[in-house]
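Notes for the one structure printed next.
The values are calculated or read from the model by the stated rules, or taken from the named source; none is laboratory data. What you see is a predicted model, and the numbers here were worked out from it, not measured in a lab. Don't worry about glycine lacking a Cβ; one is built from the backbone with ideal geometry, like all the others, and counts go over all protein chains shown. Just the protein is used for accessible areas: all its heavy atoms, side chains included, with ligands, DNA and RNA removed. Shrake-Rupley method; radii C 1.70, N 1.55, O 1.52, S 1.80 Å.
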Amino acid sequence: MHESGSPWTTCHTNQVVRGCTRSRQMWALLCLAVSVCAAHGLRVGVGIADVTGPPAEIGFMGYANFEQSGQGIHLRQFARAFVIADDNSRLVFVSVDAAMMGNGIRKEVLKRLQKRFGDLYTENNVILSGTHTHSTPGGFLMDFLFDLPILGFVKETYVAYIAGILKSIYIAHNNMKPARLEYAEGELLDANINRSPTSYLRNPPEERAKYKYDVDKTLAQVRFLGPQDKVLGVINWFAVHPTSMNNTNRLISSDNVGYASILMEKALNGPNTLPGKGSVVCAFASTNLGDVSPNTRGPVCEFSGLACDQSALCGHKERCFASGPGRDMFDSTRIIATKIFQTAMSVLKQPGEDLTGPVGVVHQYVEMPKQVVAPFDPITDTFNTSAKVSGCLPAMGYSFAAGTTDGPGAFDFTQGTTTSNPLWNVVRDFIAEPTKEDIDCQAPKPILLATGRAKFPYEWQPRVVSCSVARVGGLVVAAVPGEFTTMSGRRLRRQLARITSAGASRVVLAGLSNVYADYIATPEEYQAQRYEAASTIFGPHTLDIYLNKYVELTRALFEGRSVDPGPQPPDFSDQLITLVPPVLWDAAPWGKEFGDCLVQPQKQYSHGDTVTATFVSGHPRNSVRHGRWYAAVERLQSAQDDAWVTIATDADWETKYIWRRNSKILGTSHAEIEWEIPAGTPAGTYRLHHFGNYKYILGGIYPYSGFSDSFEVT
């Protein structure tokens, strides 16, 4: 009975049955408890894998800034997979360090999973959720508007994400263990603010009075505990945009939530564990972050320093933007990440609420413009069945082009714009002209881009979205295909909590899952037409449609009913275009070889110093090097054997791998490696090691490596 992996070790909600007892009555209770737990015994597997995309000369997805293309790596990207199963069903949840997930990636992941596992993993039970970092390569969504700032489809990004996601799931699948699930939460202050507070105030005061803050300050945590209560993995949800790294950043970064994951994994796996190499996996997944910023100092005018909100321009060519609590974007990222990590660790040490129980998932594809539903009344918390509202063809409003205080847009667009401009309308109509029906449906949004009417070269934004609701015992996860604002998420959680109150006690919202369909503002926020509302693509009743749909799906899940799969999203994989030039060739400078160290480090350093070295480099797009880094810090373990051990890589916070092109014509480039020596680094002999691949002018890609001279840390 006490063997590892038995129901005794995986379920102990009935505390009375702990230990040995002599009474028959207690033995009867014991057997009953064990049988109950066995009926709902869970098995959980966790896995982590590198998904880092091409780190050079590929645009980042998020800020829509054509100038923001990669020049190296600060933090690598990872996929963190959780496979949860009982005897009847299973669920896969993957949190990916990427801006979002798209249907094309999910479809290919499912195709390869089914090739290996048959019908075990399907579109009904696999949820891929992007963390929403804005500092990772784009070009993978297969919707033209989203890939346009990246100059089209980028196969290298697409393949990197698929390969890493699959590997994380394979690892999780092969490491299933008996487990149970606990929920806990904690308050986290001074880590997020509402970047559209005037929009939030449009929501009814009766509804706002239910909440203390205008953003969610609760960090929700689900932990998976194996035999002897060993932590197998943790999923945290906290509402914050991973935009601590601003749109001037050129290094791949998983941003604040990605670094929080690394910190927590090091804390649980051991401080010497390299990122991505530990057995305990900790995700900080996205939730209703639509109007939530980590830039806690708030927005000010660029030159005057006056407070602003982007409803009007600050001055001539003066931008309104917000900044974080640190001295620069790296410091701000560190501060916010550390706050999130410390709160998560504090919550982890608290007693948890056992939510172990049956696993179930429902999924449906929904064609949003065709939906007709009852509107939601936020004051009475009910649906008005005597009225009907509908969705619209996708369209982006003028305020979309204004950007946000996290990343201002171009030209003279401002947030809160509810009237159109004849000049911009001419440009709009040249691309695709909206009909009167479109204009009326989207009102008061003035349409800047009629994306639902655009056909060239293929679909600009999705019409069909993916909606999933998963249950693991007392936990319900609503996986949504976009960015819900604070109040939109609260409304969804309230409705699902009411439905599930008899069978579940906790509801979380997993954002940016499976398909990306932009923002979801409340109908009241929509009237203000700030950035989030202008990017609510299916019109003012987008949230009403989602509320109706997720209520319907949740009821079906708890009643054990199957649902219609809905219409499949269209496949544009044979129509994709790219304007991203390929790597033609690499060359080393005269008299040098790839990997040669051009600039050596100094001979001696102390804690807090930054070590730098420069190497002859090939183009990093020649190989994504998943699990095989471009830069490493090595310590001499044995002088007698010349044995070196890797103590940090380009996935660690303390390092930076920066790639710079010297000449496009000659194909020459160099790599700079930086290592900021952390406090507590043991004294000893160290060196920097660079790895890469070069493309020979006559064909073929070949690996190389090189290292710096050794130096002392004292």
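A few notes on this one:
- Which listed residue, of 417, 435, is under 23 Å from residue 306 (Cα atoms) and either in contact (Cβ under 8 Å) with a residue 60 or more places away in the chain or polar (S, T, N, Q) (or both): 417
- Segment 389-398, residues that are assigned to a strand (DSSP E or B) and open to solvent by 30 Å² or more (accessible area, probe 1.4 Å): 390
- Any hit, segment 225-244, residues being in contact with a Gly (Cβ under 7 Å, 6 or more places away or on another chain) and at pLDDT below 95: yes
- Looking across 587, 502, 517, one residue alone is farther than 30 Å from residue 143 by Cβ, in a loop (DSSP other than H, G, I, E, B) and touching a strand residue (DSSP E or B) at 6+ places or on another chain (Cβ under 9 Å). It is 587.
- Residues being open to solvent by 40 Å² or more (accessible area, probe 1.4 Å) and more than 22 Å from residue 475 (Cβ to Cβ) - total across segment 342-382: 9
- Members of segment 131-172 found to be of a type in the set (Ser, Thr, Tyr) and either open to solvent by 20 Å² or more (accessible area, probe 1.4 Å) or at pLDDT below 95 (or both), listed by number: 158, 170
- Qualifying position, being within 19 Å of residue 69 (Cβ to Cβ), touching a residue at least 24 places away in the same chain (Cβ under 8 Å) and out of contact with any Asp or Glu (no Cβ under 6 Å at 6 or more places or on another chain), among 671, 632: 671
- Matching residues in segment 674-702 - criterion: being assigned to a loop (DSSP other than H, G, I, E, B), farther than 30 Å from residue 265 by Cα and touching a residue at least 24 places away in the same chain (Cβ under 8 Å): 696, 697
- Tally of residues being among the aliphatic types (A, V, I, L, M), under 15 Å from residue 404 (Cα atoms), out of contact with any Phe, Trp or Tyr (no Cβ under 8 Å at 6 or more places or on another chain) and not in a loop (DSSP other than H, G, I, E, B) across segment 264-322: 3
- Only residues that are of a type in the set (Phe, Trp, Tyr), surrounded by fewer than 23 Cβ atoms within 10 Å (Cβ to Cβ) and not in a helix (DSSP H, G or I) were counted across segment 524-575, and they come to 1.
- Considering 591, 595, the condition of being surrounded by fewer than 20 Cβ atoms within 10 Å (Cβ to Cβ) and at positive phi is satisfied by 591 alone.
- Taking segment 1-87 as the region of interest, the strands (runs of 3 or more DSSP E) fully inside it that hold 3 or more residues being at pLDDT 50 or above and farther than 30 Å from residue 225 by Cβ are 56-59, 69-73.
- Checking each residue in segment 626-653 for being part of a loop (DSSP other than H, G, I, E, B) and crowded, with 17+ Cβ neighbours inside 10 Å picks out 626, 629, 630, 650, 651, 652, 653.
Each row is one residue, and each column tells you yes or no for (1) among the acidic types (Asp, Glu); (2) in the same structural domain as residue 135 (by the TED database); (3) part of a loop (DSSP other than H, G, I, E, B); (4) closer than 30 Å to residue 197 by Cβ.
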{"site": "356", "(1), (2), (3), (4)": "no, yes, yes, no"}
{"site": "362", "(1), (2), (3), (4)": "no, yes, no, no"}
{"site": "387", "(1), (2), (3), (4)": "no, no, yes, yes"}
{"site": "400", "(1), (2), (3), (4)": "no, no, no, yes"}
{"site": "413", "(1), (2), (3), (4)": "no, no, yes, yes"}
{"site": "428", "(1), (2), (3), (4)": "no, no, no, yes"}
{"site": "440", "(1), (2), (3), (4)": "yes, no, no, yes"}
{"site": "444", "(1), (2), (3), (4)": "no, no, yes, yes"}
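- Of the residues screened, residue 338 is not one that is open to solvent by less than 10 Å² (accessible area, probe 1.4 Å), touching a residue at least 60 places away in the same chain (Cβ under 8 Å) and either more than 28 Å from residue 459 (Cα to Cα) or not hydrophobic (A, V, I, L, M, F, W, C) (or both).
- Test: residue in segment 108-120 that is in a loop (DSSP other than H, G, I, E, B), open to solvent by 10 Å² or more (accessible area, probe 1.4 Å), of a type in the set (Phe, Trp, Tyr) and out of contact with any Cys (no Cβ under 9 Å at 6 or more places or on another chain): no
- Subset of segment 88-98 (residues that are at pLDDT 95 or above and either of a type in the set (Asp, Glu) or more than 30 Å from residue 694 (Cβ to Cβ) (or both)): 89, 90, 91, 92, 93, 94, 95, 97
- Subset of segment 88-98 (residues that are among the small types (Gly, Ala, Ser) and crowded, with 24+ Cβ neighbours inside 10 Å): 95, 98
- Number of positions in segment 57-87 that are under 19 Å from the mean Cα position of the chain (by Cα), among the β-branched types (Val, Ile, Thr) and crowded, with 24+ Cβ neighbours inside 10 Å: 2
- Scope segment 139-181; condition out of contact with any Phe, Trp or Tyr (no Cβ under 8 Å at 6 or more places or on another chain) and charged (D, E, K, R); matching residues: 155, 156, 167, 177
- Any chance residue 145 is outside any loop (DSSP other than H, G, I, E, B), of a type in the set (A, V, I, L, M), free of Cβ contacts under 8 Å to residues at least 24 places away in the same chain and outside the structural domain of residue 627 (by the TED database): no
Results for (1) over 24 Å from residue 512 (Cα atoms); (2) among the hydroxyl-bearing types (Ser, Thr, Tyr); (3) at pLDDT 90 or above; (4) buried (at least 20 other Cβ atoms within 10 Å of the Cβ), shown as yes or no for each residue.
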| residue | (1), (2), (3), (4) |
| --- | --- |
| 287 | no, yes, yes, yes |
| 291 | no, no, yes, yes |
| 295 | no, no, yes, yes |
| 313 | yes, no, no, no |
| 318 | yes, no, no, no |
